[in-house]
Amino acid sequence: MTKVYRSVFKEYGYSDQAVQAKIDEAWKALFYGDDDTRIYFESGPDEAYIMDIAHGDIRSEGMSYGMMMCVELDKKAEFDRLWKWSKSHMQQGEGLNKGYFAWSLKPNGKPNDTGPAPDGEEYFA
């Protein structure tokens, strides 16, 4: 792995500082912005979830996207909170779907549906 990634912003002439400012601004808005902008919500002392604002629920797909943003930006604390919420509330402990993650939950952690979604499972992996 080269750890060298294409930057379309740089290809269009934006400076490294301008690109980083855009990334920082997006992170701040999506994770710590006002209630009309953010999608990241802390839950208790050490958990958090990514809200699907359009549907008013938490989905495995969105949680995986949130965790990927954290990995890409080296935001371990936020990643750990999202992963703990996923493991605590989404992962099924018994039954037909044991080990899989429920694809849709309410913010209080109650499932809308305990079935897994293939895309969410793949993105978690």
Region 56-86, residues that are in contact (Cβ under 8 Å) with a residue 60 or more places away in the chain and of a type in the set (D, E, K, R): Arg59, Glu61
Candidate set from region 30-46 (those that are of a type in the set (Gly, Ala, Ser) and surrounded by 15 or more Cβ atoms within 10 Å (Cβ to Cβ)); member that is nearest to Ala77 (Cα to Cα): Ser43
Failed criterion for Arg59 (all others in (1) in contact with a Ser or Thr (Cβ under 7 Å, 6 or more places away or on another chain); (2) open to solvent by less than 50 Å² (accessible area, probe 1.4 Å); (3) of a type outside the set (Asp, Glu) hold): (2)
Selected residue (criterion: modelled with the highest pLDDT) from residues of region 75-102 that are open to solvent by less than 80 Å² (accessible area, probe 1.4 Å) and part of a loop (DSSP other than H, G, I, E, B): Lys75
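The values are calculated or read from the model by the stated rules, or taken from the named source; none is laboratory data. Not measured: the values here are computed from a predicted model. Don't worry about glycine lacking a Cβ; one is built from the backbone with ideal geometry, like all the others, and counts go over all protein chains shown. What goes into the accessible areas is simple: the full protein's heavy atoms, side chains included, and nothing from ligands, DNA or RNA. Shrake-Rupley method; radii C 1.70, N 1.55, O 1.52, S 1.80 Å.
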